[in-house]
Amino acid sequence: MAPTKRFSGKSVIITGSSNGIGRATAVLFAKQGAQVTITGRDEERLEAAKKQILKLTSKPNDLNVVVANLTDSKGLDDIVNSTLTKFGKIDILINNAGANISDGTLNTDQSIELYQKTFQINFQAVVEMIKKTKEHLIKTKGEIVNVSSIAGNEQAFSATPYYCAAKSALNQYTRCIALDLIQYGVRVNSVSPGVVVTGFLGAMGLPDEFRDKVTTSDDSLEPLNFQMANFMASNKACIPAGFCAKPNDIAEIILFLSDRKKSQYIVGQSIVADGGTSLVTGMTAFDMHEMI
Ligand code: NDP
């Protein structure tokens, strides 16, 4: 008999799984035997994610594909209801979808409309998904993993204050609900990535001159790399480790936090995965030996 896989029989919802970190997470869960709900707004990208997963699994019925907008309550209901109809339960909820939405305004000039949209996808959608799945996660003594960002930590990123504030709100919400839900056996944690090469910068609407078309070695990625990411990787003041993360680097942490056998004593925490970015201060960014 084939050995049981790590997440066999577990029903997992991963928001924002048409691309980037969410797609890599869905692929890893599928490889590990989970029943996976993938979702996003972009049908074409979702179809590509579906094909990638179906190549790996001998059980096509273990995949549920939902085109949905998380800022619309019908979209949220479709994700939850179709998962329950197909798999009968929810064991793990990964709130990954998010975006640093841009309308061309920056800093304190960012518009109020942008504030509302930014909070809606990065914070409110998470709150609503958790409210809609809570009773089901209590039944299974399940797991929630939120995908935050180092932008929500203490350091300031002044250009995009709403995105940073939304991720800070998400961090505090993670802690508060973790304390509430652990009494029912549901664990809540989060991961806070630094720079990860995904569709994230494209979703910000950065103009073409920021982008450099390079096919990466990871075929789960869009064939887009970004000059900005390359600059950060080669500058130790930005990323001391000297490289940007791939989606898989973050997906592995999400699976660790979803796996009670591996992480049962971690409750309400955020694991920072940023290649050392958040350790750097202005002073340590420079080589002291060159100054003396
Ligand atoms: P991508 O842009 O590659 O993926 C984002 C995903 O979210 C897509 O699948 C997208 O689907 C989905 N999404 C966005 N808005 C909506 C919406 N309104 N309704 C439904 N789905 C939506 O970015 P990443 O993989 O990088 O981002 C994943 C998470 O990681 C986000 O929460 C982000 O804030 C966080 N993060 C990313 C970092 C990075 O450097 N990449 C750094 C720190 C944190 P679709 O377009 O199909 O709707």
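What follows draws every value from the coordinates through simple rules; no lab data is involved. The structure displayed is predicted, hence computed values, not measured ones. Counting neighbours? That spans all protein chains shown, and the Cβs are built from the backbone with ideal geometry, glycine included.
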Handout entry: In degrees, nearest ten, helix 43-54 long axis to first principal axis of the chain (Cα)
Key = 60 degrees
Practice task
As a check on your grasp of the helix formula, calculate [θ] at 222 nm for the chain: sum -39500 (n - 2.57) over DSSP H runs of n ≥ 4, divide by the residue count, round to the nearest 500.
Solution key: -11500 deg cm²/dmol
Problem - Mean Cα-pair separation over length for the range 46-138, i.e. relative contact order, pairs under 8 Å, 6 or more apart, % - result: 28 percent
Problem - Which of MET204, MET232 has the fewest Cβ neighbours within 10 Å, and the rest in rising order - result: MET204, MET232
Problem - Amide H within-cut-off set for SER190, under 5 Å, with H built and near neighbours excluded - result: ASN146, GLN269, SER270, ILE271
Practice task
Measure out, as a whole number of angstrom, how far apart the alpha-carbon centroids of the range 152-209 and the range 42-102 sit.
Solution key: 20 Å
Exercise for the section: Count the DSSP beta bridges whose two residues both fall in the chain, then state the antiparallel fraction as a percent rounded to the nearest 5. Expected result: 5 percent
Exercise for the section: Identify, among GLY88, VAL127, ALA99, the residue whose Cα sits farthest towards the positive end of the charge dipole of the range 75-136, taking +1 on the Cβ of Lys and Arg and -1 on the Cβ of Asp and Glu, with the dipole about the Cα centre. Expected result: GLY88
Exercise for the section: Please tell me the relative contact order of the chain in percent, rounded to the nearest whole number, where contacts are Cα pairs under 8 Å and at least six residues apart. Expected result: 18 percent
Exercise for the section: Taking the chain as the reference, fit the longest principal axis to its C-alpha atoms, fit the long axis of helix 125-140 to the helix C-alpha atoms, and give the angle between the two in degrees, 0 to 90, nearest 10. Expected result: 40 degrees
Exercise for the section: Relative to the longest principal axis of the C-alpha atoms of the chain, give the angle of the C-alpha long axis of helix 247-258, reported between 0 and 90° and rounded to the nearest 10°. Expected result: 50 degrees
Exercise for the section: Divide, for the chain, the radius of gyration over alpha carbons by 2.2 N^0.38 Å, where N is the residue count. Expected result: 0.99
